[in-house]
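The values are calculated or read from the model by the stated rules, or taken from the named source; none is laboratory data. Because the structure is predicted, anything quoted here is derived from the model rather than measured. Glycine gets a Cβ as well: all are built from the backbone with ideal geometry, and neighbour counts include every protein chain shown.
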């Protein structure tokens, strides 16, 4: 188990109270997620093929189960065995897998119609490897739906002035801080075209997170050079 897996194993092993289901941002993410799934995949209809959705970085499986309740076939994957154990305990009928999103995912090419990954990319070192794997396991024209913490210019200035030490605490798990521009570049390099951007929590320019829908438009490009 590498250092990241150990970190999240410890986190999920000791976590007592996850974010409650009625947390405003959770409810907002659920609403925006199902709207995007219905719009881009089509509302599940009796007698039609059920669309297949991956919850990447599923944690305790809260969103995995929500997606299934909306009528879609779904599976969840997380790096921490403790998180997967919680997910399986909370929903024994669910499909949950252990695995790192930065390594080869345990799924065939073009298996999924959509991938949902909420508040995950900011925790990863090799973002391109993850997005490339998302590309591989998505069908042609499939969609990637993401949320990540929002970092716009005005919010960044507010953080620098009023909350720098708390926001960039070296003992928390965030290692990436995306702007809209840098996320757009990362998605396009990996073969995705963003088709929707929206804010979550608070009002602009102090959104908590940004919600993105991106369509797979081609294969992933080469990995970027590492900047020392």
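Here are some notes:
- If only residues of the stretch 188-202 that are closer than 17 Å to residue 31 by Cβ and not in a strand (DSSP E or B) are counted, the one that is farthest from the chain's Cα centre (by Cα) is 202.
- Total residues in the stretch 29-67, condition over 15 Å from the mean Cα position of the chain (by Cα) and over 22 Å from residue 97 (Cβ atoms): 13
- Pairs, first on the phi > 0 side of the Ramachandran plot and in contact (Cβ under 8 Å) with a residue 40 or more places away in the chain in the stretch 187-211, second part of a strand (DSSP E or B) and surrounded by 16 or more Cβ atoms within 10 Å (Cβ to Cβ), C-beta under 8 Å, six or more apart: 191/216; 201/209
- Consider the stretch 203-228 and keep the residues that are part of a loop (DSSP other than H, G, I, E, B) and buried (at least 17 other Cβ atoms within 10 Å of the Cβ). The one that is modelled with the highest pLDDT is 220.
- Helices (runs of 4 or more DSSP H) contained entirely in the stretch 1-70, each with at least 3 residues that are modelled with pLDDT of 95 or more and closer than 19 Å to residue 138 by Cα: 24-41, 62-69
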